[in-house]
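**Q** I have a structure here, written as structure tokens, and I will follow up with some questions on it.
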Amino acid sequence: MLRTVIIDDDHLSRTILKKTFEKCFENVILEGEADSVASGLELINRVNPNLVFLDIKLPDGTGFDLIEKLGNTDFKLIFTTAYSEYAIKAFKYSAFDYIVKPIVPDDIKASLNRINQVSSASTLPRVRAMRDNLFGSSEEANATIALPELNGFSIVRIDDIERCEGERNYSRIFFKDGTETLVSRTLMEFENLLAHHGFCRIHRSHLINLKNVVRYLKSGGGMVEMRSGEMLKVSSKYKDELLNRLLHNRL
């Protein structure tokens, strides 16, 4: 059974969530509702839920404030949000599930059917990562991304990634310190997430951090040398964009 609470100041959203639970999910037991950070804190501490639906914007603060006050938590977290589509990248960066308002039953069903993929581990650092990516970190170098692992997620600094290499439905992430990890996300997903952080697609299999390019070579149709010493082929499809960004310092 999923002991569930809803923390959202929108009465209609709470009503739609409750009715969907009642009609479609016998394993979801609603333990209570709250409409603010203060009442949400009291509710969570009192009922100890294992699933929380949390709005980002609340009358007395944000959902981020609530998680900060709780500290490390062990419940699964699904955000409800009215933020526009471009900001949804922040949720993907941080590996949280979310429902976009106005809430409709089909979105709730899809989210609950994915519940086993929603991690309850390391909630606080992932919330901080999402907050930074949504509202902006004080320094670009502090921007982070959550990478799915077998038993949860790891939070890494985007600036520490040298490049990503596509392997069908997976991507291998190479870090500046020489380590690497295989992640169950496509290269296109990483391209969409990292394009505004100085990453550039140079080949169907390669996405690179332009800050780590030390040399471009014309030989072989185009090659880049990375700071690690790795030599990578540049596809003709991506060459113009790469050269434009390198020559005009559009990192």
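The values are calculated or read from the model by the stated rules, or taken from the named source; none is laboratory data. This structure is a prediction, so every number in the text was calculated from the model and none was measured. FYI the Cβ positions are ideal-geometry reconstructions off the backbone, even for glycines, and counts take in every protein chain you see.
**Q** Hey, among the residues in segment 79-98 that are farther than 24 Å from Ile158 by Cα and crowded, with 17+ Cβ neighbours inside 10 Å, which one's modelled with the highest pLDDT?
**A** Step one: filter segment 79-98 for residues farther than 24 Å from Ile158 by Cα, giving 80-82.
Restricting the remaining residues to those that are crowded, with 17+ Cβ neighbours inside 10 Å gives 80-81.
On the way: Thr80: 87, Thr81: 81.
In this case the residue turns out to be Thr80.
**Q** Of all residues in segment 142-173, how many are acidic (Asp, Glu) and under 17 Å from Phe199 (Cβ atoms)? Explain how you work it out, then say what you get.
**A** Going through segment 142-173, the residues acidic (Asp, Glu) turn out to be 149, 159-160, 162, 165, 167.
Retained after the next criterion (residues that are under 17 Å from Phe199 (Cβ atoms)): 159-160, 162, 165.
Qualifying residue count for the region: 4.
**Q** Same structure again: What about Glu225, is it closer than 21 Å to Pro148 by Cβ, in the same structural domain as Ile173 (by TED's automatic domain parsing) and of a type outside the set (S, T, N, Q)?
**A** No.
**Q** What number goes with the only condition from (1) of a type in the set (S, T, N, Q); (2) surrounded by fewer than 22 Cβ atoms within 10 Å (Cβ to Cβ); (3) within 15 Å of Ile99 (Cβ to Cβ) that Asn27 does not pass?
**A** Checking Asn27 against (1) of a type in the set (S, T, N, Q); (2) surrounded by fewer than 22 Cβ atoms within 10 Å (Cβ to Cβ); (3) within 15 Å of Ile99 (Cβ to Cβ), the one that fails is (3).
**Q** Additional query: Of all residues in segment 166-179, how many are within 18 Å of Arg227 (Cα to Cα) and surrounded by 14 or more Cβ atoms within 10 Å (Cβ to Cβ)?
**A** 5
**Q** Could you please let me know if Asn192 is part of a helix (DSSP H, G or I), closer than 18 Å to Ile145 by Cα and polar (S, T, N, Q)? Outline the logic, then answer.
**A** Details: part of a helix (DSSP H, G or I): yes; closer than 18 Å to Ile145 by Cα: yes; polar (S, T, N, Q): yes.
Yes; evaluated as a whole, the condition is true for this residue.
**Q** Inside segment 211-251, can you point out the residues that are touching a Leu at 6+ places or on another chain (Cβ under 9 Å), surrounded by 15 or more Cβ atoms within 10 Å (Cβ to Cβ) and assigned to a strand (DSSP E or B)?
**A** Val213, Tyr216, Met223, Val224, Glu225, Met226
**Q** Could you go through segment 163-170 and let me know if any residue there is assigned to a helix (DSSP H, G or I) and either farther than 19 Å from Leu232 by Cβ or outside the structural domain of Asp74 (by TED's automatic domain parsing) (or both). Talk me through it step by step, then tell me what you get.
**A** As a first pass, look at segment 163-170 and keep what is assigned to a helix (DSSP H, G or I): none.
No, that holds for no residue.
**Q** Does Ser235 satisfy the criteria of being out of contact with any helix residue (DSSP H, G or I) (no Cβ under 8 Å at 6 or more places or on another chain), modelled with pLDDT of 95 or more, of a type outside the set (A, V, I, L, M) and more than 30 Å from Leu77 (Cα to Cα)?
**A** Criteria met by Ser235.
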